[in-house]
Amino acid sequence: QVQLVESGGGLMQPGGSLRLSCAASGTIFRLDAMGWYRQASGKQRELVATVTSGGTTTYADSVKGRFAVPRDNAKKMVYLQMNSLKPEDTAVYYCYAKQDWQPYWGQGTQVTVSS
């Protein structure tokens, strides 16, 4: 089993920046992918950004050029650097990891972008 714990959510004004962190623990052999999904109120969960163990990244079109998903394999951490935040970025953000084709999720952290 893999446990994921997020931190760093909160309330930000439009145009601001915020960094989320996610720490992985448990029985870890190799985390093939790590990253972030989000779910806004009344909407389905959607991919935000992922990064493979080799460093290949995938971003949702809505966050390209604004968000980055650095990963520290030695520390078993993944981050979400969010810049130029918009009200439509408001959602619960979930850390995601995949090991041996099994997905794992964190408990989620709220990000609210509002003036």
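The values are calculated or read from the model by the stated rules, or taken from the named source; none is laboratory data. The structure displayed is predicted, hence computed values, not measured ones. No Cβ is skipped: glycine too gets one built from the backbone with ideal geometry, and neighbour counts run over all protein chains shown. All accessible areas refer to the heavy atoms of the entire protein, side chains included, with ligands and DNA or RNA removed. Shrake-Rupley method; radii C 1.70, N 1.55, O 1.52, S 1.80 Å.
Brief remarks follow.
- The portion of the accessible surface of the range 18-115 made up by carbon and sulfur, rounded to a whole percent, is 47 (1.4 Å probe; DNA, RNA and ligands excluded).
- Residues in the range 19-30 carry Karplus couplings, in order, of 10, 9, 10, 9, 10, 9, 8, x, 8, 10, 9, 7 Hz; the curve used is 6.51 cos²θ - 1.76 cosθ + 1.60 with θ = phi - 60°, and Gly or Pro positions show x.
- Theoretical gain in end-to-end length, Gln102 to Leu47 [0.36 nm per residue, Cα-Cα removed]: 18.1 nm
- Residues considered: Gly16, Gly26, Gly55. Largest GNM mean-square fluctuation over the chain, using C-alpha springs under 10 Å, is found at Gly26.
- Close lysine pairs were tallied over the chain: pairs 8 or more places apart or on different chains with Cα atoms under 27 Å apart number 9.
- Normalising the average separation of contacting C-alpha pairs (under 8 angstrom, six or more residues apart) by the number of residues puts the relative contact order of the range 29-85 at 27 percent.
- In the context of the full set of protein chains, the chain has a per residue accessible area of 53 Å² (1.4 Å probe).
- A DSSP coil position with no more than 13 other Cβ atoms inside 10 Å describes the following trypsin sites (Lys or Arg not before Pro) in the range 28-66: Arg30, Lys43, Lys64.
- The chain - charge dipole about Cα centre, Lys and Arg +1 at Cβ, Asp and Glu -1, debye rounded to 20: 100 debye
- Other residues with beta-carbon under 13 Å from the beta-carbon of Leu31 carry, at +1 per Lys or Arg and -1 per Asp or Glu, a net charge of +2.
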